[in-house]
Every structure is written in structure tokens, then in C-alpha cells.
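First the structure, in the form of C-alpha cells, and then the observations on it.
The values are calculated or read from the model by the stated rules, or taken from the named source; none is laboratory data. Not measured: the values here are computed from a predicted model. When we count neighbours, we look across all protein chains shown, and the Cβ atoms used for this are built from the backbone with ideal geometry, even at glycine. Remember, those area values only see protein heavy atoms, side chains included, never the ligands or the DNA or RNA. Shrake-Rupley method; radii C 1.70, N 1.55, O 1.52, S 1.80 Å.
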Amino acid sequence: MKIAIKSYFIFDGDTMQVTSQAGEQFKTRAAWIDAPEIGHGEAPDAIAANQWQWGQTAKDYLRNLLSGKHLLISPIGTDQYDRQLAFWFISPTLPVRTSLANCLQVQMILAGMACDFLPYHNLERLSNSEITLFCRILREQQNAHRNRKGFWADPDFIRPSEYRKLRAQT
């Protein structure tokens with residue numbers, strides 16, 4: 001299933017509230033990537049300040065990617081917060097093609113604005129196109145890391161998943 005999006009509100013680098021062309025409203029999270037967290041208020045410490053700064057940078061980068069483009073999402077399930085997990089695709093013209101070149105997940109990874117959050121279990125259940133995307137995300141993340149793109153250039157940056165683990169311990 002593919003859903004054409006009429007409007008959206010960006011929460012952070014991997015989550016949006018969207019309205020479909022049919023008028024349905026829901027939250028969607030970009031499947032298989034994890035963007036830095038965005039904080040509210042004053043950061044309690046340097047680790048949070050760094051994470052929040054990169055979170056805002058990722059949000060701004062996503063906003064720029066979407067500017068003037070058509071958005072199509074392809075849901076694959078829901079998460080524990082009842083958000084539609086989906087692959088996101090953009091194009092300046094219609095129709096929006098679901099190609100790797102148009103995949104926002106790949107573009108966020110390439111820029112060092114998100115890191116992988118891949119399903120390493122049940123890989124045998126993935127479709128051929130999902131396996132291709134899975135491998136592309138890994139390859140582009142490795143390239144972004146090697147070339148010190150985005151947050152990979154920051155020696156103080158920690159992955160969003162590690163940041164959440166640290167916060168859960170305090």
C-alpha cells in the first residue's frame with residue numbers, strides 16, 4: 001500500500017504528523033533509521049545538548065529535503081507508540097516513484113543526519129526490494145561515517161539509541 005501525502009508537520013528527523021490526500025491524519029515514523037533526539041527546555045548536560053543540537057539539525061535537513069516535493073509513504077507496520085512505520089519517498093514531480101534515489105531514509109543516512117535502526121531478525125521475511133534498501137542503508141552509513149558526514153564528524157556524538165539508554169538509566 002502506498003499513501004500520497006497532502007500535508008505534514010515535522011516533529012524531528014524521523015517522525016511526522018501527516019494528512020493523506022484522502023484526508024486521513026496519522027503519525028508516521030521513518031522505518032529503519034534513527035535520527036538524533038530533540039529536547040525541550042534547557043539541556044541537563046553536555047551529552048543532551050549535543051544530541052539535541054544534532055536533532056534540530058536533522059529536523060531542519062528533513063524539512064529542506066521535503067521543501068517543494070511530493071511525499072509518498074509506504075507503511076510496513078506500527079510501532080509501540082502507534083505510529084505508522086513507513087518508507088518515505090519524495091519527488092519534485094508526480095508520480096512519486098518508490099526508488100532508492102527518492103527514498104528519504106537513504107538521503108538522511110547519506111548526509112549523516114540519521115543512523116541505521118535496521119531489523120536484524122527475520123531477515124528471510126524481507127522482500128527483495130526491502131533487502132536492497134537494507135543493504136543500501138548499511139552501505140551509505142558506512143560511507144557517511146568514513147567521510148565524516150553530518151554527526152559522524154562530531155567526536156562527541158552518540159547514537160540516538162545509546163542516548164535513550166543513558167537517559168533511561170538516570
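Of note:
- You will find that of Asp60, Asp82, the residue that is surrounded by fewer than 19 Cβ atoms within 10 Å (Cβ to Cβ) and in a helix (DSSP H, G or I) is Asp60 and no other.
- Selection from segment 115-157 of residues that are basic (Lys, Arg) and at pLDDT below 90: Arg125
- Hey, Leu85 under 26 Å from Leu133 (Cα atoms) and in contact with a Lys or Arg (Cβ under 6 Å, 6 or more places away or on another chain) or not: yes
- Residue in segment 103-118 that is open to solvent by 30 Å² or more (accessible area, probe 1.4 Å), among the charged types (D, E, K, R) and in contact with a helix residue (DSSP H, G or I) (Cβ under 8 Å, 6 or more places away or on another chain) present: no
- Qualifying residue in segment 121-130 (condition: among the basic types (Lys, Arg), over 21 Å from Phe89 (Cβ atoms) and either touching a residue at least 24 places away in the same chain (Cβ under 8 Å) or crowded, with 17+ Cβ neighbours inside 10 Å (or both)): no
- Within segment 33-49, the set of residues being of a type outside the set (D, E, K, R), open to solvent by 20 Å² or more (accessible area, probe 1.4 Å) and either in contact (Cβ under 8 Å) with a residue 60 or more places away in the chain or assigned to a helix (DSSP H, G or I) (or both) comprises Ala46, Ile47, Ala49.
- Qualifying residue in segment 135-144 (condition: out of contact with any Pro (no Cβ under 7 Å at 6 or more places or on another chain), touching a residue at least 12 places away in the same chain (Cβ under 8 Å), open to solvent by 20 Å² or more (accessible area, probe 1.4 Å) and assigned to a loop (DSSP other than H, G, I, E, B)): no
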